[in-house]
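Please treat every number below as a calculation from the coordinates, not as lab data. Just so you know, these numbers come straight off a predicted model, no measurement behind them. All Cβ positions, glycine included, derive from the backbone under ideal geometry; neighbour counts span all protein chains shown.
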Amino acid sequence: MHRPFTYQVATSLVAAVLIACQDATPPTAAAPPARAQLEDVSVADTTPVIDTTPPVITYTIDGRLGQNGWYTLQPVIIEFTITDPESPAAPSVATTCRTWFIWPPGVRASAFPLCVAVSAGGTSEVRLDVLIDNSPPDIVPPFTISPAASAPGWWNTDVSITYTCIDWTEGSGLLERTPVVTVSTEGVKQPFTATCTDSAGNSVSRQYADFPVTTLEPWGHVDISIDKTRPVLAPTVSPNPVLLNGSAAASPNATDALSGLASQSCGALVTSSVGVKTVTCTATDSAANVSTASVAYSVVYPFTGFFGLNAPPALNSARAGASVLVKFSLGGNRGLGVLAAGSPTSQPISCTTGATLSTLKALAVAGASLTYTTKTNTYTYTWRTDQAWAGTCRRLAVKLVDGTERMVNFQFRK
């Protein structure tokens with residue numbers, strides 16, 4: 001759509017503007033007044049008129065105005081109007097002050113005034129420059145991609161693509177010759193849009209869906225696939241707990257929703273000593289994203305239960321005040337330091353339900369002793385009971401340095 005612009009000129013010299021069209025048609029001379037008109041003029045009408053100002057040239061420019069003073073559609077149309085309130089004005093013989101149609105693109109500066117008007121008050125003229133650029137620039141290779149792929153076919157960061165803009169005509173000039181577009185969305189074969197714009201506001205955009213041109217091979221193609229998310233690990237150890245010097249396996253259980261897993265593994269398990277330990281697992285996806293996670297596992301003695309005693313909730317009968325021998329095996333001689341600090345402990349329980357009596361705390365057993373018999377590969381813990389426990393029930397808790405706690409219940413008689 002054309003938009004008209006109106007300008008008014010009332011000076012002897014006006015702005016320089018562009019134009020490349022000329023019209024050599026001679027101006028039309030003003031016709032002399034008719035004889036009848038001259039005969040009807042009264043004596044008062046012959047009074048001289050004083051004109052001290054040149055004529056006013058008004059012009060309109062009709063065209064689609066882009067940016068920076070450039071028109072982006074042909075033709076650009078210029079029309080002139082001459083007025084003078086004080087005396088008759090007419091176009092100069094040098095110009096016709098007609099309507100101009102400007103077609104050729106580029107900077108078209110008028111080499112001569114396009115309109116010259118003369119009155120008794122003087123002469124006015126208009127010179128114009130018209131800027132026309134109706135051709136958009138173009139997008140040409142090479143395209144460059146940075147950074148380099150983190151793994152074959154994949155990036156784990158945003159990707160910057162630089163391309164080249166060119167203006168084939170002598171137009172308004174490019175706003176940017178080598179623009180950069182950033183691709184940040186994760187996914188396979190991510191598209192991007194390249195745009196070139198000139199100073200007049202003409203632009204061209206193209207979307208590259210699967211194959212931007214690369215620097216390695218100017219006319220080759222490569223897919224832009226982006227995965228910035230690390231794999232997810234849910235490591236486990238089985239069995240857990242694992243027996244001392246036993247075998248177990250650690251599994252990373254890694255998943256990756258986008259590029260897929262390239263590798264996953266866990267460190268070696270240590271079972272040569274008891275206690276709570278950790279192992280670290282690692283996973284790498286196809287975009288070279290790396291994740292690590294640790295999992296805890298316990299290494300315990302091969303405890304086989306208390307010999308000759310029934311496991312809870314059963315109550316084992318014992319005489320109050322007598323020494324109770326509590327025997328167990330740990331699968332070999334582990335030394336006498338197998339008990340945790342403050343172990344064992346005893347605590348009153350209900351003889352009916354087996355529930356601990358919360359008002360009474362578990363207390364470490366005083367005067368207790370632990371021995372090991374090589375012949376039977378058994379440990380013996382000698383528990384000296386109290387005569388006051390007659391008619392009550394108690395729980396003996398033996399906590400080992402491997403972190404486990406083994407319990408046995410007793411009912412005391414007189």
Checklist entry - Ranked from highest to lowest mean number of other Cβ atoms within 10 Å per residue, what is the order of the peptides 343-350, 373-380? => result 343-350, 373-380
Checklist entry - Mind checking which lysines have their C-alpha under 26 Å from Lys327, skipping anything on the same chain fewer than 8 residues away? => result Lys361, Lys375, Lys399, Lys414
Next on the checklist: Going by average Cβ density within 10 Å per residue, which order do the peptides 179-192, 223-236 take, highest to lowest?
Outcome noted: 223-236, 179-192
Item to check | Residue order, fewest to most beta carbons within 10 Å, for Ser358, Ser119 | outcome: Ser358, Ser119
Item to check | Dimensionless Rg/Rh of segment 273-412 - Kirkwood Rh, Rg from C-alpha atoms | outcome: 1.15
Checklist entry - Can you give the direction-averaged projected area of the convex hull of the alpha-carbon atoms in segment 230-288, in nm²? => result 4.0 nm²
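Remind me, what semi-axes does segment 138-208 give for its equivalent ellipsoid, largest first in whole Å, using sqrt of 5 times each Cα gyration tensor eigenvalue? Kindly include the intermediate steps, with their values, before the conclusion.
Values: eigenvalues 154, 24, 16 Å².
Its equivalent ellipsoid spans semi-axes of 28, 11, 9 Å.
Return Tyr381, Tyr372 ranked ascending by Cβ neighbour count within 10 Å, so the fewest neighbours appear first.
Tyr372, Tyr381
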Next on the checklist: Which lysines, if any, have their Cα less than 16 Å from the Cα of Lys189, not counting same-chain residues under 8 positions apart?
Outcome noted: Lys228
